[in-house]
Amino acid sequence: MLESSQARLESFTVFCRDAEPRLRHALVAAYGPDVGKEAAAEAIAYGWENWDRVRAMDNPIGYLYRVGRTTGTRWLRRPTRLPEPPRSSDPPWIEPALPGALNRLSRNQRIAVMLVKGYGLGYREVADLMGAGVSTVQKHVDRALGKLRKELEVDGA
Amino acid sequence: MVLDLDRELRRYTEYLDELVEPVSLPVFEPHRAQGRRARTGRLVPAFGAALLLILAIGLLVVLNPFGSDDPPFVEEPTTVSAPVPSVPTTLATTPTIEATPQTTQAAPVEPLPDPPSISWTRIADPSIFGGERAQNINAVTAVSDCGTEGCGPVDALIAVGSDRSGADDFTVDAAVWVSADGLSWRRIPHDEFTLGGDRHEEMRDVASNGDRVVAVGSVLLGRYVDSPGDRAAIWLSEDSGNSWRRVPFETDPPVRALSTVVPFESGFLVGGNGLWMSEHGETWTPVGLETSFGYVHKIIPTEVGWLALSDRGVWMSPNGYDWSWVASVPELADVADVGDGLVGFGEIFVGDMGSRPAVWQSANGLEWTVLNDNLTGRNTIHFHEPRAIEPVGEWLLAVGNQQTRAFWSRPRLWMSPDDGRSWLELDVSESFGKLYDPGSGVSDVVILTDGTGRQTIVMVGVWGGTAIDGTTPEDQYDGAVWIGTIED
């Protein structure tokens, strides 16, 4: 039993090495830093508790993402607020209007564009995480970029 | 404007990464439903988790205190079959409460009688209670010819709650449903000015005095960081819930929400961070020392006086105007008047691991003792959400929700033939979902009595049944009504 428990922990650790950043990034994009981190912690804890069942699934990270989303939705009773970066430098090193524009995207659009364009994940990875098709993720990203360009008055909008 | 959007997004996500540290792996401890702060507090680095795991497993192997390989924190998925007699159990861990006297009682020697046979009908019509986004029914009341629930023929049932029908997932509007018989319901047309808006609006309770209907809840003023936040709100209807208007409710300091309303004299009494009364529901005046109540979640008229249950305990008043703090039992969720005393329904917390549904009794409202410290009859610990206790014929009905997994719940119903001393759990898995089905919950209960004395139980809440079959995401709950017909 000791060996199997160690093996269980090792397999979960290996899984988390890859899954934790993606879950955290997606849930922070969905719910902001505070709730997103907590929702990711909830999803990881749930995954550990149910690891024998979760790891047998076709898409364990997608399942835990749904766990985190459900948890985040329950906790969050306000619109998502991504924080504004500090404005100490001149010129600002991050476009100040970007967080507000991201906040006004739909949740799926915000998650998709932040994961693909911000965190550099592939469309397939994001599709697995969100439990959606690659083409759906592409549409989310395209629409999000279109809205962001328009709102931020980027050339080409 | 020259702006590299991809670069800005990369920089911004790097900034977020600096703000949010990675999630550490959980310590080897079965996951239990907890508050978000407590959840994070239990996470430790993976290396420590591995060490603790080995030690814990070793101890389990040596001691085997559970009699099996798996710790018994999570019950196996099961359908509750026959009613399960529940007797008080010894708590596994010292409860966090200290002021509440604890009593235990020997198991009943005599077998308990069979509870009344109740057939349940679930009304979860997606065209009425459903929609693209989640809906939630928080409370229900009956408009009857004498103005008090259950005292005569019912003219209408009015249910209130919320609907995420706004422009995005987080714009919540107040919602009202009405029914003449409990079986067929009609949604009051959404009114963006009164019930909606670019805000978070929610009705939490509703009451009728036979003439007018008052709903209480909250609205969110503004959506941004420096906005004022939630404010208490009161809605008034003069036509049995068919049309509504907001009435002014300004307090200093501001009150964030109201959670309870009851008919009082010819008007109403509402509770939140204090108590307020109104003769016609139009203007409201504070009652008692409103800054002392804590948060009042329930006002209950009883034979021994008015009760206000708050997070500071029990408050009593002989007349509804003069209130005194009488008991430190903040665990009470609801109280039923059983004629020769009061029976309270609440939860006893077991450390920070969860809670157990429990029952208290009081002869006069002043002193409360625990009658049953664990209605589940099992030593497992979950988070429970006690909701209501109501007399049904010669029995008492207690209704609550049990959090079955990290975030799923389902209702549990118990009945007592002897004013709360012993309890039988009802098998309601057909109508309320099996123990491990996601997302159903009861928010409020009203007992209707017709002219022949026949009673009907009306429960409202949320139903996640459409999530079970995968047709909607798990967080897209619909409102639901359950009608319990007591068979002869």
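The values are calculated or read from the model by the stated rules, or taken from the named source; none is laboratory data. As the structure is a computational prediction, the values presented were derived from the model and not from experiment. Glycine also receives a Cβ, built like all others from the backbone with ideal geometry; neighbour counts cover every protein chain displayed.
Please pick out the residue among B:Pro330, B:Pro386, B:Pro357, B:Pro391 that is surrounded by fewer than 20 Cβ atoms within 10 Å (Cβ to Cβ) and assigned to a strand (DSSP E or B).
The unique qualifying residue is B:Pro391.
When B:Asp373 is evaluated against the numbered criteria (1) within 26 Å of B:Val446 (Cβ to Cβ); (2) touching a Ser or Thr at 6+ places or on another chain (Cβ under 8 Å), which criterion, by number, is the only one it fails?
That leaves (1) as the condition not met.
Scan region B:239-255 for residues that are closer than 17 Å to B:Leu269 by Cα and of a type outside the set (Ser, Thr, Tyr) and report the count.
Residues flagged as closer than 17 Å to B:Leu269 by Cα and of a type outside the set (Ser, Thr, Tyr) within region B:239-255 amount to 6.
Search region A:2-23 for residues being at the interface with another protein chain (Cβ under 8 Å from one of its Cβ atoms) and closer than 16 Å to A:Tyr63 by Cβ, and hand back the single one that is farthest from the chain's Cα centre (by Cα).
Only one residue fits best here, namely A:Phe12.
Name the residues in region A:39-61 that are part of a helix (DSSP H, G or I), surrounded by fewer than 18 Cβ atoms within 10 Å (Cβ to Cβ) and either away from chain B (no Cβ under 11 Å) or of a type in the set (D, E, K, R) (or both), would you? Reasoning before the result, please.
To start, the set of residues in region A:39-61 that are part of a helix (DSSP H, G or I) comprises A:39-49, A:51-54, A:60-61.
In the following step, the residues that additionally are surrounded by fewer than 18 Cβ atoms within 10 Å (Cβ to Cβ) were identified as A:51-53.
Matches in region A:39-61: A:Asp52, A:Arg53.
What's the number of the condition A:Thr73 fails, among (1) facing chain B (nearest Cβ under 9 Å); (2) at pLDDT below 80; (3) outside any helix (DSSP H, G or I)?
(3)
Among the residues of region B:404-435, write down those that are at pLDDT 90 or above and over 16 Å from B:Leu375 (Cβ atoms).
none
Anything in region B:438-457 that is closer than 17 Å to B:Ala124 by Cβ and of a type outside the set (A, V, I, L, M)? List them, or say none.
B:Pro438, B:Gly439, B:Ser440, B:Gly441, B:Ser443, B:Asp444, listed by residue number.
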